[in-house]
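Working notes, structure below.
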Amino acid sequence: MNQVGTELVIFGEVLFDQFENGSQVLGGAPFNVAWHLQGFGLDPLFISRIGSDKQGNIILDKMSEWNMSTQGIQIDSSHPTGTVSVSIRDDQPDFNICDQQAYDYIEPANLTSLLFQTSNPILYHGSLVQRNKQSRRSLSKISSSLKAKRFIDVNLRPPWYSLQDIKSSIAEARWLKLNEQEFSELCSKQFISDQDLESSLKHYFANTDLEMLILTRAEKGAVIVSQEDYLTASAPEIDSFLDAVGAGDGFSAVTLIGILHEWRAEDILCRSLDFASEICRHQGAIISDRGIYETKRVAWNV
């Protein structure tokens, strides 16, 4: 197993996205983020749980090949490795997520020694992993133990979420990322027009303790709101578009890098959109070409 020495702790699901054409690729928003961070030369601690099955072994092999630490991976003999059926509708992914998966049962035991290797950590997690009380309790315990700054990436996947739980998590967050539909739901609105978007985002931000609010808008780009800025940027043109699965996770990974390196908000926004567009040129959410990451690292001086 690889050694951990990181400021980034990524908590949540790892699973296989299964496509209509019969192909399958590794996925799960937290796993995707951890994969990209490793590709960019960081060494995140990824905490999750897999089944004692063939799919779980594939995950361990893939992580080792990518030089990712497997110390935070738990093995579950009672629940299978996660799977999701993915269909593409109007160039956007639609997910059918199975219940009672191994990542629903992450335990806090045996993680304490790993967690205390971190210094001033950032804890990244999404919302899907909170659907089950076991993983939800472990997340709470880990967060308390770390006293970490939290980056929450909202991924509302009906019916697997509780708005109350998500809002409670957001109250403890420093950074929040979500898309337009998710923002509308958090605000209890069916739809927020382009004309009302800026005022709605600023109003929401003003009533939180967030340092940064990030709104992704698919082909329309993204918005960053902070105390100093309200920034918007359009999505780059994408040649050879394949699918948008995991584009938001690529965006999150680069945003985390920008936070660690104290990039200007303008750079975080543009570079995150740039890498999200790169994801759209590949099937599934992860990239195995190290050259792509290296090219970005050189361009961004990371």
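Restricting to the stretch 170-205, give me the number of residues that are basic (K, R) and in a loop (DSSP other than H, G, I, E, B).
Step one: filter the stretch 170-205 for residues basic (K, R), giving 174, 177, 189, 202.
Now drop any that are not in a loop (DSSP other than H, G, I, E, B), which leaves 174, 189.
So the answer is 2.
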For the stretch 255-274 the number of residues that are closer than 17 Å to D153 by Cα and surrounded by 18 or more Cβ atoms within 10 Å (Cβ to Cβ) is 9
Of the candidates I50, I59, the one satisfying the condition of being assigned to a helix (DSSP H, G or I), surrounded by 15 or more Cβ atoms within 10 Å (Cβ to Cβ), touching a helix residue (DSSP H, G or I) at 6+ places or on another chain (Cβ under 9 Å) and β-branched (V, I, T) is I59
*So is S52 of a type outside the set (A, V, I, L, M), touching a residue at least 24 places away in the same chain (Cβ under 8 Å) and within 22 Å of I287 (Cα to Cα) or not?*
no
Residues that are in a strand (DSSP E or B) and under 26 Å from G27 (Cα atoms): does the stretch 255-262 have at least one?
no
The number of residues in the stretch 233-246 that are buried (at least 17 other Cβ atoms within 10 Å of the Cβ) and either farther than 14 Å from A218 by Cβ or in contact (Cβ under 8 Å) with a residue 60 or more places away in the chain (or both) is 4
Considering the stretch 29-61, residues that are closer than 25 Å to Q134 by Cβ and among the charged types (D, E, K, R), and then whichever is nearest to the chain's Cα centre (by Cα), we arrive at R49
Flagged pairs (Cβ under 9 angstrom, 6 or more apart or on separate chains; first in the stretch 200-211, over 16 Å from R174 (Cβ atoms); second part of a helix (DSSP H, G or I)) are S200/F183; S200/S184; L201/F183
Looking across the stretch 168-216 at residues that are surrounded by 14 or more Cβ atoms within 10 Å (Cβ to Cβ) and of a type in the set (K, R), the single one that is farthest from the chain's Cα centre (by Cα) is R174
Residues that are modelled with pLDDT under 90, of a type in the set (S, T, N, Q) and surrounded by fewer than 18 Cβ atoms within 10 Å (Cβ to Cβ): does the stretch 118-133 have at least one? yes
Within the stretch 63-91, restricting to residues that are in contact with a strand residue (DSSP E or B) (Cβ under 7 Å, 6 or more places away or on another chain) and under 27 Å from L242 (Cα atoms), the one that is surrounded by the most Cβ atoms within 10 Å (Cβ to Cβ) is G82
K149 meets each of (1) out of contact with any Ser or Thr (no Cβ under 9 Å at 6 or more places or on another chain); (2) basic (K, R); (3) under 20 Å from I97 (Cα atoms) with one exception, condition (3)
Being among the polar types (S, T, N, Q), buried (at least 17 other Cβ atoms within 10 Å of the Cβ) and in contact with a strand residue (DSSP E or B) (Cβ under 6 Å, 6 or more places away or on another chain) narrows S277, S226, S252 down to just S252
Is it the case, given these coordinates, that F95 is in a strand (DSSP E or B), touching a Ser or Thr at 6+ places or on another chain (Cβ under 9 Å) and closer than 22 Å to K296 by Cβ? no
A careful count of residues in the stretch 140-169 that are in a helix (DSSP H, G or I), closer than 14 Å to L128 by Cα and in contact with a helix residue (DSSP H, G or I) (Cβ under 8 Å, 6 or more places away or on another chain) gives 5
Going residue by residue through the stretch 134-151, is there one that turns out to be of a type in the set (K, R), modelled with pLDDT of 95 or more and surrounded by fewer than 19 Cβ atoms within 10 Å (Cβ to Cβ)? no
For the stretch 79-103, pairs from a residue that is under 20 Å from Q181 (Cβ atoms) to a residue that is part of a strand (DSSP E or B) and of a type in the set (G, A, S), with Cβ under 6 Å and 6 or more apart or across chains, are D94/S87; N96/S85
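The values are calculated or read from the model by the stated rules, or taken from the named source; none is laboratory data. None of these values were measured; they are calculated from a predicted model. Positions of Cβ are backbone-derived with ideal geometry, glycine not excepted, and every protein chain shown enters the neighbour counts.
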